[in-house]
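Here the structure comes first, spelled out in structure tokens, and everything after it is commentary.
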Amino acid sequence: MNPVLKTLLAHRSYRDYTDEPVADADLDAIVEAARRAPTSVNGQAISLVVVRDPARRKRIAEIAGGQAWIAKAPVFVCVVIDFAKTAAALEILGEKQVIHESVEGFAVGVLDAGIALATISTAARGLGLGTVCIGGIRNDPQAMIDLLGLPPLTFPIVGCVVGHFASEPPVKPRLPVSTFRHDEAWHGTPDAAAIAAYDAELLDYWKAVGRPDGQSWSNGTAIRYKRVYYPNTRPMVARQGFTLEK
């Protein structure tokens, strides 16, 4: 199989890391891969903050709700929506940036951050390293902004742990492809039987990895989606200058 496809199809989240450092050359290659990733209209409104200091990683673990693997692994990469960078370029031209005041602008930032995140994860896995994506930094965006010294018109949207893994978990099952692939036009939501079958498969997975507390997909999704689980995101987005008025 093509090695890139093999890496992508074997995706899993690693939460068990050794203390072995990530080589500078490997980290540089991962960052460069993310820098080369596509961005909307080549705006490149994304920056990475690479955190290796143990005290800072420990603090990020606390901010993200006590995720110990952030403190354990040697590298944490924060993906930042960065319209301060683009505003500086427009200012040189005597122009005023307004894209950050729109839903479109923030959507572009989130999309490009997701592309960068996927690139970081894939590049790291290609080098034999483990990763796990961290959305929990949005639990307290202000704390992340303060810790990383982020200016207005930036937002710490997501992060990624990178390190040498101590153990390899099995690949987590997904909903069937029929619920994901829609040929020519959208063909509807999954039926009750498909959801029930996947719920049972996921519960079996949790038992196999020693997580008897693991939820079925429908229950786990309901716990999170019946509320706004990171309510600080919206007010902090506005405080950072993303008014979303246009």
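The values are calculated or read from the model by the stated rules, or taken from the named source; none is laboratory data. Keep in mind the model is a prediction, meaning the values are calculated, not measured. Please note: Cβ atoms are built from the backbone with ideal geometry, for glycine as well, and neighbour counts cover all protein chains shown. To get the accessible areas, we keep the full protein, side chains included, count just its heavy atoms, and leave off ligands, DNA and RNA. Shrake-Rupley method; radii C 1.70, N 1.55, O 1.52, S 1.80 Å.
Per-residue answers, yes or no, for (1) over 19 Å from the mean Cα position of the chain (by Cα); (2) in contact (Cβ under 8 Å) with a residue 24 or more places away in the chain; (3) open to solvent by 50 Å² or more (accessible area, probe 1.4 Å); (4) on the phi < 0 side of the Ramachandran plot:
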site: ASP140; (1), (2), (3), (4): no, yes, yes, yes
site: VAL161; (1), (2), (3), (4): no, yes, no, yes
site: PRO170; (1), (2), (3), (4): yes, yes, yes, yes
site: SER216; (1), (2), (3), (4): yes, no, no, yes
site: THR221; (1), (2), (3), (4): no, no, no, yes
site: ARG227; (1), (2), (3), (4): yes, no, yes, yes
Response to the item:
Scanning the range 109-124 for residues that are open to solvent by 30 Å² or more (accessible area, probe 1.4 Å) and farther than 16 Å from GLU32 by Cβ gives VAL110, LEU111, GLY114
Worksheet item: If we scan the range 63-85, do we find a residue that is on the phi > 0 side of the Ramachandran plot, exposed (fewer than 14 other Cβ atoms within 10 Å of the Cβ), out of contact with any Leu (no Cβ under 8 Å at 6 or more places or on another chain) and in contact (Cβ under 8 Å) with a residue 40 or more places away in the chain?
Response: yes
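Determine whether the range 42-58 contains at least one residue that is of a type in the set (Asp, Glu) and in contact (Cβ under 8 Å) with a residue 24 or more places away in the chain.
no
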Practice prompt. Please work out which one of (1) open to solvent by 50 Å² or more (accessible area, probe 1.4 Å); (2) within 19 Å of ASP53 (Cβ to Cβ); (3) in contact with an Asp or Glu (Cβ under 9 Å, 6 or more places away or on another chain) is the condition ASP146 fails and give its number.
Written response: (3)
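Condition first: hydrophobic (A, V, I, L, M, F, W, C) and surrounded by fewer than 14 Cβ atoms within 10 Å (Cβ to Cβ). Now tell me which residues in the range 229-246 satisfy that.
Result: ALA238, single match.
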Practice prompt. Quick one: in the range 32-41, of everything that is touching a Ser or Thr at 6+ places or on another chain (Cβ under 8 Å) and not in a loop (DSSP other than H, G, I, E, B), which residue is nearest to LEU117 (Cα to Cα)?
Written response: ALA34
Worksheet item: Which condition number in (1) open to solvent by less than 50 Å² (accessible area, probe 1.4 Å); (2) closer than 22 Å to ILE115 by Cβ; (3) polar (S, T, N, Q) is the one that GLN44 fails?
Response: (1)
Worksheet, complete the sentence: For helices (runs of 4 or more DSSP H) lying entirely in the range 145-246, having 3 or more residues that are among the small types (Gly, Ala, Ser) picks out 192-208, 217-225
Fill in: helices (runs of 4 or more DSSP H) enclosed by the range 52-107 - at least 3 residues per element that are closer than 21 Å to ARG239 by Cα, of a type outside the set (Asp, Glu) and out of contact with any Phe, Trp or Tyr (no Cβ under 8 Å at 6 or more places or on another chain)
83-92
Practice prompt. Please find, among THR179, THR131, THR154, THR189, the residue that is closer than 24 Å to LYS207 by Cα and either under 18 Å from the mean Cα position of the chain (by Cα) or polar (S, T, N, Q) (or both).
Written response: THR131
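Looking only at the range 18-29, which residues are touching a Leu at 6+ places or on another chain (Cβ under 8 Å) and either outside any helix (DSSP H, G or I) or within 20 Å of PRO54 (Cα to Cα) (or both)? Show your work before the answer.
So the first thing to find is which residues in the range 18-29 are touching a Leu at 6+ places or on another chain (Cβ under 8 Å), and the list is 22, 26, 29.
Answer for the range 18-29, where residues must be touching a Leu at 6+ places or on another chain (Cβ under 8 Å) and either outside any helix (DSSP H, G or I) or within 20 Å of PRO54 (Cα to Cα) (or both): VAL22, ASP26.
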Worksheet item: When only residues in the range 172-200 that are surrounded by 12 or more Cβ atoms within 10 Å (Cβ to Cβ) and β-branched (Val, Ile, Thr) count, which is farthest from VAL51 (Cα to Cα)?
Response: ILE195
